[in-house]
Structure formats: C-alpha cells, structure tokens
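The values are calculated or read from the model by the stated rules, or taken from the named source; none is laboratory data. Keep in mind it's a predicted model, so treat the numbers as computed, not measured. Cβ sites come from the backbone with ideal geometry, for glycine too, and all protein chains shown count toward neighbours.
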Amino acid sequence: MGKLFGTDGVRGKANQYPITPEIAVRIGRAAAYLLSGSQEINQRQTVIIGRDTRISGPMLEHALASGICSMGMDVTLAGVLPTPGIAYLAASSGAKAGIVISASHNPFFDNGIKIFNSKGFKLSDEQENRIEELVLDENNAKLSESIQHIGRVIQMKNPVQVYLDFLKQGLPYNFSLKGKKIVIDCANGATFQVAEKVFKELGAELIVLFTDPDGININHECGSQYPEVLAKTVLEKNADIGLAFDGDGDRLIAVDEKGSVATGDQILGACAVSMKKNGTLANNILVTTIMSNIGLGVALETHGIDHIKANVGDRYVMEEMIRHDAVIGGEDSGHMIYLDQHTTGDGILAALRLILCMKQENRSLSELLSVVSVFPQK
C-alpha cells in the first residue's frame, strides 16, 4: 500500500486505492484510536461525519462509521453539508473530530477524506502521518484487537439549520439583503441546500443555478471552476453579483454586475482594504500565498496593508494567520479564511463578508474590486 495523505487529506478515484471501503474502515479505526488518546474508550466520545453529493459518499460514510464504532466511539452523521459546516459542528458540539468525505472541485468519480480536530482545524502533518502509519501497518495489534465498547451511529437533527445560524451570527444586527439581486451557483454540491436558504432568509432576490445533485453531476461544467453560466446569468438577469461555490463549499468565485469574473486575489484585496477602512483588519495584515498576483501586492502596499505570503495550501495560510494574528487570508483559487469567525475556508461565509463590504462602502462589486489590478504573469 502506498502513501495516503496529500496536501488536503486522502484523495483519489472512488472504489480504487486509497478511496476504498476497506481503507475507509481502517482510517476510521486509526483516527478513533489516535483521537481518543490511544487509550481504550470508556466514556462516550463522538466523531461527526459529513459529505458532499457524490455517488460514492454514502458508501465511504458507512465504512468510516463502521471503523470508528468498532473502536468504541459514537458517530453522528450530518449528511450532505459543506466542509466548513462540519468543521464548525466539530468545534461547537464537543465532538472529538469532524470528518468530511469530499474531493472538493474534482469530478464525481473522485472522492476524499479529510479530518478536522475538536477545535475545527485541519489535522497537523504529524497527526496525519501517525494515522497513515497505523492504516498502512496491517500487523498493528492496536487496530485488530477487540474493543469492549461498540459505538452508536446517530443521525444529526437539522445540521443545515445549525450551520446556517452560525453563518448569520457573524453579520451585523439587522443585516439585510433586501434590494440585492443575487445569482448563486452551487455546483450540484454540498451547498445546494444551505446557500439558497441563507440568502433567502436574509431577504435577497435570488436566482439559483445547479442545485439538483444526482450523484454524478457535481462540478460538471458548473461551480467555481466553470463560472461561464453564472456570468451569463448575471448579465441576463441584471443581477448585482454572482457567487459560485465548489463541490464541498470551501471556495468562492464571484462575478460582478458587468459579468466579469473576479479572482480570489481581487476579492481578498478588496475586502482587506474595506476592512481597514472600517477598523476591522486586525494588525493591518492580509495573508495569501507565494502564488499571489503581483497586482495584489501593489494594491496592498498602496493602502498600507502588510502582505504575508504563505506556502500554497489553505492549511499553510491558516498557520501564517495564526502566527501573525491576522483575521483574513486565502488563495487566488477561492479559499478564503475569516479567522475572526471560522477555522477554515468557507465559501458562503466569504460571500456574505464580500457583500457586507459592498454594503458598508455603498459600492457595486466592480467598484469595490477596482482597488486591485490583476497583472499578467506566468
């Protein structure tokens, strides 16, 4: 058996190594063993599992749950929910971990497994390496011995509403989207329920695209990787903004009222400048990656904002944000982290914060984004 964990958990083609039910059971057992403190579990402990809309999701969900329960831990199934929703549930519920079954923006035939700790952060490289060692060691007695206690599997009640309430908590009192015409593209993925609900509850005039998942149409010519239909619809409907999420809901790509697609760097830069004006840009810092567009750096320097560059990967962006006590960071790909509200990238949260900046400045999206000029670069 070869290496399991990559830059964002375990990922590959579903039903082929390493994304098989057999490996999922072993990952479940290894994660439960590690997260329990490597001791036999005598008190009830829980792991929350969520997934996106891929056809292989339920298969892997049940395999993971079997492995975890066989080690004496309970499992709470949240069903289809964005990755950041599972991270929030893990951090807010007292669970030992949250596990997401998703391959993000990849096609339906791929899938993956990523794990968040009890505080809602992704596991460290060291923790992932330890789980990998346990999974790959087929002779490890700790994962083959009988455990006295067997865990229960429980279906979570109203996870979508719990996550939705969390998203709205970060907005000002009486925040409203009345008068805003918004188009959302949910990529037939994990945001297909909660995104529509949150924007409607906030009063937006909403046009929804790609909210009919069938297990194989996730990310298919839609979502953050394919914003063409979104841009066309924004123009046709004379909308104020278009918002596209990826399959697991941790990325955002936006389209302005003129039909132009905004990059992640543009959104991050515009929001950082707006936050500085409003006194909410902690320590005057924006964290992005070494792959950021040169134009972003120029814009930040112009506005007196310190620019910290991390290695590529939202985990490394998060590490630099914590190190420098920053509240906003992300990647040009659309991962955006607001550490004053969440522990991981969140597409819907990023969309709400972007619209908040538009409202606070009373500017259209194209006007807000004009502070960042994208430079051509290889």
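When you check Ala24 against the structure, is it in contact (Cβ under 8 Å) with a residue 60 or more places away in the chain and under 30 Å from Asn139 (Cβ atoms), yes or no? Criteria met by Ala24. Just name the residue that is surrounded by the fewest Cβ atoms within 10 Å (Cβ to Cβ) out of those in the range 352-378 that are among the polar types (S, T, N, Q) and at pLDDT 95 or above. The residue in question is Asn362. Do the conditions hold for Ala65, that is, is it touching a residue at least 60 places away in the same chain (Cβ under 8 Å), in a helix (DSSP H, G or I), closer than 22 Å to Ala195 by Cβ and not assigned by TED's automatic domain parsing to the domain that holds Gly313? It is false that Ala65 is touching a residue at least 60 places away in the same chain (Cβ under 8 Å), in a helix (DSSP H, G or I), closer than 22 Å to Ala195 by Cβ and not assigned by TED's automatic domain parsing to the domain that holds Gly313.
Can you find a residue that is buried (at least 17 other Cβ atoms within 10 Å of the Cβ), in the same structural domain as Phe166 (by TED's automatic domain parsing), on the phi < 0 side of the Ramachandran plot and in contact with a Cys (Cβ under 9 Å, 6 or more places away or on another chain) anywhere in the range 312-331? Yes, the range 312-331 has at least one match.
Report yes if some residue within the range 140-148 is in a loop (DSSP other than H, G, I, E, B), more than 30 Å from Arg26 (Cα to Cα) and touching a Ser or Thr at 6+ places or on another chain (Cβ under 7 Å); otherwise report no. I'd like the intermediate steps shown before the answer.
Looking only at the range 140-148, we keep the residues that are in a loop (DSSP other than H, G, I, E, B), and these are 140, 144-148.
Going one step further and asking which of them are more than 30 Å from Arg26 (Cα to Cα), we end up with none.
Within the range 140-148, not a single residue is in a loop (DSSP other than H, G, I, E, B), more than 30 Å from Arg26 (Cα to Cα) and touching a Ser or Thr at 6+ places or on another chain (Cβ under 7 Å).
Name every residue in the range 87-100 that is of a type in the set (Gly, Ala, Ser), assigned to a loop (DSSP other than H, G, I, E, B) and under 18 Å from Ile131 (Cβ atoms), in order of residue number. Passing the criteria: only Ala95. Condition first: more than 20 Å from the chain's Cα centre (by Cα), at pLDDT below 95 and closer than 17 Å to Lys114 by Cβ. Now tell me which residues in the range 1-24 satisfy that. Passing the criteria: Lys3, Leu4.
Here is a check on your reading of the model: is Asp250 under 19 Å from the mean Cα position of the chain (by Cα) and at pLDDT 95 or above? I'd like the intermediate steps shown before the answer.
Values: under 19 Å from the mean Cα position of the chain (by Cα): yes; at pLDDT 95 or above: yes.
Yes.
Residues that are within 19 Å of Leu4 (Cα to Cα), modelled with pLDDT of 95 or more and surrounded by fewer than 24 Cβ atoms within 10 Å (Cβ to Cβ) within the range 25-55 comprise just one, Val25.
For the range 146-160, the condition of being more than 30 Å from Arg363 (Cβ to Cβ), in contact with a Cys (Cβ under 7 Å, 6 or more places away or on another chain) and buried (at least 16 other Cβ atoms within 10 Å of the Cβ) holds for at least one residue.
All conditions in (1) under 19 Å from Ile147 (Cβ atoms); (2) in contact with a His (Cβ under 9 Å, 6 or more places away or on another chain) hold for Asp74, with the sole exception of (2).
Among the residues of the range 121-136, count how many are assigned to a helix (DSSP H, G or I) and either surrounded by 19 or more Cβ atoms within 10 Å (Cβ to Cβ) or not acidic (Asp, Glu) (or both). So that I can check it myself, show each step before the final result.
Of the residues in the range 121-136, the ones assigned to a helix (DSSP H, G or I) are 125-136.
Next cut, either surrounded by 19 or more Cβ atoms within 10 Å (Cβ to Cβ) or not acidic (Asp, Glu) (or both) only: 127-131, 134-136.
Residues meeting the conditions: 8.
When each of Leu177, Leu134, Leu171 is tested for being touching a Leu at 6+ places or on another chain (Cβ under 7 Å), in contact (Cβ under 8 Å) with a residue 60 or more places away in the chain, under 23 Å from Ala91 (Cα atoms) and not small (Gly, Ala, Ser), the lone residue that passes is Leu171. Can you find a residue that is at pLDDT below 95 and assigned to a strand (DSSP E or B) anywhere in the range 101-108? There is no residue in the range 101-108 that is at pLDDT below 95 and assigned to a strand (DSSP E or B).
Could you name every one of the strands (runs of 3 or more DSSP E) located completely within the range 189-264 that has at least 1 residues being touching a Ser or Thr at 6+ places or on another chain (Cβ under 6 Å)?
Details: elements: 205-209, 241-245, 252-255.
Result: 241-245, 252-255.
Looking for something under 16 Å from the mean Cα position of the chain (by Cα) and either buried (at least 19 other Cβ atoms within 10 Å of the Cβ) or modelled with pLDDT of 95 or more (or both) - is there at least one such residue anywhere in the range 294-304? Walk me through it before giving the result.
So in the range 294-304, the residues under 16 Å from the mean Cα position of the chain (by Cα) come out as none.
No, the range 294-304 contains no residue that is under 16 Å from the mean Cα position of the chain (by Cα) and either buried (at least 19 other Cβ atoms within 10 Å of the Cβ) or modelled with pLDDT of 95 or more (or both).
Would it be correct to say that Glu205 is surrounded by fewer than 17 Cβ atoms within 10 Å (Cβ to Cβ) and assigned by TED's automatic domain parsing to the domain that holds Ala78? For Glu205, the condition - surrounded by fewer than 17 Cβ atoms within 10 Å (Cβ to Cβ) and assigned by TED's automatic domain parsing to the domain that holds Ala78 - is not met. Note on the range 106-136: residues that are in contact with a Gly (Cβ under 6 Å, 6 or more places away or on another chain) and within 20 Å of Ala187 (Cβ to Cβ) total 3.
Contact map, the range 222-238: residues that are in contact (Cβ under 8 Å) with a residue 12 or more places away in the chain paired with residues that are aliphatic (A, V, I, L, M) and in a helix (DSSP H, G or I), Cβ distance under 7 Å, separation 6+ or inter-chain. Pairs shown: Cys222/Val229.
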